[in-house]
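No lab work stands behind these numbers, since they all come straight from the coordinates. Please read all numbers here as calculations on a predicted model, not as lab measurements. Every residue, glycine among them, receives a Cβ derived from its backbone with ideal geometry; neighbour counts consider all protein chains shown.
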Ligand SMILES: Cc1ncc(C[n+]2csc(CCOP(=O)(O)OP(=O)(O)O)c2C)c(N)n1
Ligand SMILES: Cc1ncc(C[n+]2csc(CCOP(=O)(O)OP(=O)(O)O)c2C)c(N)n1
Ligand SMILES: [Mg+2]
Ligand SMILES: [Mg+2]
């Protein structure tokens, strides 16, 4: 695979068919000690915990969906490193622009789990975030969010602010015109933005190979004249390191970067999907061996920072927490009818007020 | 500049910032004899004449526009080789899918000059071509036509037919999402299609450098995993040779190719445009030296196939012919009112028939 | 004859169309191997091969635009858009080319193509999965816009759409994909495009609806019937061009008119129907022509979407006002 | 006060807005160096620098989408689409995001942005340069859609649009960019969005129009006046949300209603106006509410476009029928 220009860290990677950036191997062994980001050891533990929370919250959502308590849900299992790594590499005021499958990043950037659950529970308040959380709502129409990211980043530079924007998209999303337009704009305006493609190998049932003839998704950066790199998306250290480098590059005014996080969706596309229709179990089993949590856990245990016992307890504890949060969501009750009408415009126009009032009268049984 | 994969002919070209494919230099001297396509010498004369016709018809249209007889017109001067070369490299049944600035290609592929003039005269019959001419109408919404080209090419392969589709777009057009989507589809479906970017250095007032950070437009092929090449768009031989190779490659089932024809729009964007607002005269003067007609003429004279005297007569003759054709266009009279209504559907639906009839009654003074 | 629901009927009909005519090709996102997210195309790739039924990359503009190219080169493409809310990237193709190629070329080139998509809400889905496009598409000259309300109609209309030499947008009310089954003949038949259908005749007022809402309207009509109000219910079936004749004839008979639709009210399809009733039957009107429609808001997420829909009781309340005016 | 035509007024107003508020940025294709193909932005890059007025690559979806991002991050972007016929690639952004961000986030994030574009036909242009988008845009909840008919209104409406905290689509009737000049005050003023204007009061019938057509309608009203028919003419100014109050008040007074617009008739904006007149003033109507509109065809190329437009005489003929019904 061809990489047009490489960010410094990874000068050795990205040859055609060649290796991708990996710091820690599948067994948790550090293969490139010189590239290990200089973080305090407890920080790695914290990031690991963030991945476990993501896994536990994900599993709980699936379980609740099977019980008929949650609506359609899009699981993240297997992709936690590609989510937590970049989120951790950002500064407080940086912006995160999601696609729709980045639970780990959302939680790490300060969206409460309750808000996330509200979203998948089918409630607009799931897109209302705490003050100061610079994260956009999920963008369901694939590709559209990248323009917002570029616009946010351009605004930062127009205003002379140093914030960087990190935006997500999937492998399927790289086929949209929007993806290419956004990369091109980012290049032309030298926007401080980092694009992360979570290449989880599938767009619903369509495998990566049928999505494009390009050997890598990172090479799509070449079209926009910006750097691109393939990173082992299941390697938390590599994802952290590559994003950190790209974010700081952007902050220094050196422009946008495209990062392909090479990963795998271990679960279904959503709870409405049955992946056995389009892929082999053996493929899934292969990828389970590359589980991002597993290898980080091995690393932490090896470093004497963690143990199997602590680990089991942690997952259970997060699972219980997630259930508790979901109970709060269920207990919320119906949103107000006024909410349906009052956010279409800043002030409700006359025709809408009339529709609202007429409907309220109907609900109150005043009309029959 | 990086070229992902190269078509055979031009293995030596496309290095970053390096040369592009050129066979004949600016003075008409053949620099790469081994690459000269094996065409009969008279054929080169024929192609030269096609370029002169294009130039004469273009100049006449401009002159008529200035007289207020033609509407807005988009001139081609300077880009004739990038139009006639590819058109000549196609087989009879191949399809041509235009953008909107390919006069030389249209005429060569069999669209009568009268039809072209009708178009710029503001008449829908300007998009009605003689039976068997496999050329689509002009596509004004930039980028949209490439999907049609890919669809036509896919249909050829689905039907097991060997026809190839050649599609045009401008440098500005490469920034559209459609451009990228179409290249990607072509790659995935291995469609027998050749994309030609007429990089004439401007999209109205926006220079090529502000259109994308990519060093070449050919490298945009990398995103789709298909071959791309930069060709001297003012070198008829090179344009012919590269297109021929790409077309035959496609016909053999080896998939799509992107050709960047590096050229220059010597005139205005359209007759509504004043290029002095956004570019230096000196730049234009530089490019006049690379005029595609000039160098081909030098070659033909050098080969003893042509003379200055013959040349002057030819241009005059074509100009007179173009004027005569335009007179026919003017003499055509008003199109029928029925034409406004009868082509929206195969059969005119009731509501439209009523609108039509009511309007006819109004025109006949029956309604007041 | 077999008992089929709407989605199995679509699948059956595509199968029939591909079997009859080699030029019919079917494609879209997840359409091939998976057989469509709603299973509309299941089995077609196995049966007809991956040249005639295939998955595309994720790019709606390209899906519609390549269909245009295929139609120009002798095929009869049937493209699927996964949900109506994802067709917007293809609007440029639809408006600028699909609808215009015939007129642009003065009849020389035309586009026998169908764009199918699940349409409307009611399936408790995420944002953008419940859009109503009636107005957007209805306002584009050169398109035919069709929507069935039953499996039987779906087969006849879809076959007619595929055989039509003009481009047809085929809106499938996803809410009723699996709502009920109906006898659908094995043998092929078409239902002419552009013809509405009186699904219940009545004398007191005329109600026009289409798609999933036809069933709610019929329920409402039943409520009114029990009260002694006799509504005539018309299933529009083709949203554009509209069958004015059937509607005006009915309104001239009943003197009262209502239209019920899911799309937002303002600039909605109901406005067009009211306007044409004014134009064609004003002097027959005994009450203001009325529209019952979606609120002028984005259709809400599942927790609140029930507020958005008109159920039989709300429809009945509205119709009662028209009847009793 | 200076005499200005519509395009110089737009230019002047953008200048004023940029001068007043650093957050206002102006961009689009050919907007910077060249100052716009119609010269709407001429001089702005020189004056405010290329961070605040700049050229973009050729990609309408990106132009609108980046405007969304800028609005989310504290700017007040004013994006230009070169011609209304080229906005379709941005429909996904406009429908899915521009119109919805406030509602999606329950009021937390909103988009103070303006999308300007030349609108409608009459300039003898190529295909796709003459499109009327009234219905498409009017039907999208969450947008405000504004169109001026005079330089004076243009300044007040554009300033109001830029200051508005909701997204506004600003349609500029290109036909009258240079048609006439008017006194436009130097000092700043706004005209409230959502308010129609009675441009000629009258007692016999109400005529609503907007944009370039207002002038034809006024001419037609003059023809009628000479015949003793006194038409009230309303310039809608804001296409969505519609100022029902002003319209209904007028119809209640005159008892007769007509709407005149350039967009195609079916599912056109006239349908909405007729529907709301039916809803709000049915019992006052002494004649069928009438629409005079574009044919249901693609607007023709220059050789035939004159057939498409309603001139004062055709409008007068239609209004006469309404008045004499
Ligand atoms: C424009 C658009 N088209 C279609 C869809 C329906 N859809 C939702 S997710 C999806 C696949 C996305 O694949 P990818 O980008 O790889 O992301 P992943 O689901 O793997 O995270 C599709 C087709 C959509 N949301 N938006
Ligand atoms: C989608 C779209 N946006 C804008 C325009 C208006 N427009 C017409 S030509 C043009 C520039 C095209 O530049 P390029 O692709 O380089 O072609 P060239 O004119 O140089 O041949 C623009 C912006 C258009 N036709 N289509
Ligand atoms: Mg994926
Ligand atoms: Mg150009």
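Each of residue A:364 and residue B:354 was given a label point 7 Å from its Cα along the Cα-to-Cβ line. The distance between the two points is 4.3 nm. Compared with the dominant principal axis of the Cα atoms in chain C, helix C:60-72 is inclined by about 70°. Between residue A:347 and residue A:93, the C-beta separation translates, for a Förster distance of 45 Å, into a calculated FRET efficiency of about 0.90.
Using only the Cα atoms of segment C:220-325, build the gyration tensor, take square roots of its eigenvalues as a ≥ b ≥ c, and label the shape rounded, prolate or oblate: rounded if a/c is under 1.5, else prolate if a/b is larger than b/c, else oblate. The shape class here is oblate. Shielding value for D:125-131 is 6, the average number of Cβ atoms from other chains within 10 Å of each residue's Cβ. As a proxy for reagent exposure, B:279, B:290 were ordered by neighbouring Cβ count within 10 angstrom, fewest first; the result is B:279, B:290.
Per residue of chain B, what 222 nm ellipticity follows from adding -39500 (n - 2.57) for every DSSP H run with n ≥ 4, rounded to the nearest 500?
It lands at -13500 deg cm²/dmol.
Grab the beta carbon distance between residue B:34 and residue B:280, set R0 = 30 Å, and tell me the FRET efficiency rounded to 0.05. The pair residue B:34/residue B:280 has a calculated efficiency of 0.20.
Only helical runs count toward this figure. For chain D, summing -39,500 (n - 2.57) over DSSP H runs of n ≥ 4 and dividing by all residues gives -10500 deg cm²/dmol at 222 nm. Panel order for D:129, A:147, by other beta carbons found within 10 Å of each beta carbon, from fewest to most: D:129, A:147. Take the alpha carbon gyration tensor of chain D, find the square roots of its eigenvalues, order them as a ≥ b ≥ c, and report rounded if a/c is under 1.5; if not, report prolate when a/b exceeds b/c, else oblate. Note, shape of chain D comes out prolate.
When each of the peptides C:182-193, C:291-302 is scored by how many other beta carbons lie within 10 Å of its residues on average, the order from highest to lowest is C:291-302, C:182-193.
If you fit an axis through the alpha-carbon atoms of helix A:177-188 and take the longest principal axis of the Cα set of chain A, what angle between them do you get, 0 to 90°, nearest 10? The answer is roughly 60 degrees.
Shortest first, residue A:281 label-point distances to identical copies amount to 8.0 nm, with the label point at 7 Å from Cα along Cα→Cβ. If R0 is 22 Å, the Cβ-Cβ spacing of residue A:308 and residue A:45 corresponds to a FRET efficiency of close to 0.90. Extending 7 Å from the Cα toward the beta-carbon at both residue D:226 and residue A:209 defines two label points whose distance is 7.8 nm. Considering only beta bridges that DSSP places wholly inside segment A:3-334, some 10 percent are antiparallel. Once both labels are positioned 7 Å from their Cα atoms along Cα-to-Cβ, the gap between residue C:188 and residue D:321 label points is 4.3 nm. Each residue of segment C:2-184 gets 102 Å³ once the volume of the Cα convex hull is shared out per residue. Taking only Cα atoms, what is the 0 to 90° angle, nearest 10, from helix C:312-324's long axis to the longest principal axis of chain C? It is inclined by approximately 50 degrees. Take each residue in C:298-310, count the other chain C-beta atoms within 10 Å of its C-beta, and the mean is 6.
Quick check: from the Cα gyration tensor, does segment C:110-194 come out rounded (a/c under 1.5), prolate or oblate?
Oblate, since a/c reaches 1.5 and b/c is not below a/b.
Largest GNM mean-square fluctuation across C:51, C:200, C:144, computed for chain C with C-alpha springs under 10 Å, falls on C:51. DSSP beta bridges confined to the protein assembly as shown are antiparallel in about 15 percent of cases. Ordered by the number of other Cβ atoms lying within 10 Å of each residue's own Cβ, fewest first, D:198, A:150, C:207, D:114 fall into the sequence D:198, D:114, C:207, A:150.
By Cβ position, the chain B residue that hugs the axis carrying B onto A most closely, with its distance in whole Å, is B:177, 1.
Expressed as a whole number of Å, what is the distance separating the alpha-carbon centroids of segment A:63-128 and segment D:75-138? Each part reduced to its Cα centre gives a spacing of 31 Å. For peptide C:25-35, the mean count of partner chain Cβ atoms within 10 Å of a residue's Cβ comes to 4.
Checking a compactness column here: for segment B:3-334, what do you get for Rg(Cα) / (2.2 N^0.38 Å), N being the number of residues?
So segment B:3-334 has a normalised radius of gyration of 0.94.
With the highest mean first, a sort of the peptides B:112-124, B:58-70 on other beta-carbon atoms found within 10 angstrom per residue produces B:112-124, B:58-70. Packing-based ranking of C:271-281, A:180-190 yields A:180-190, C:271-281, ordered from highest to lowest mean Cβ neighbour count within 10 Å.
When the P(r) is computed for the protein assembly as shown, the part past 43 Å accounts for 44% of the Cα-Cα pairs.
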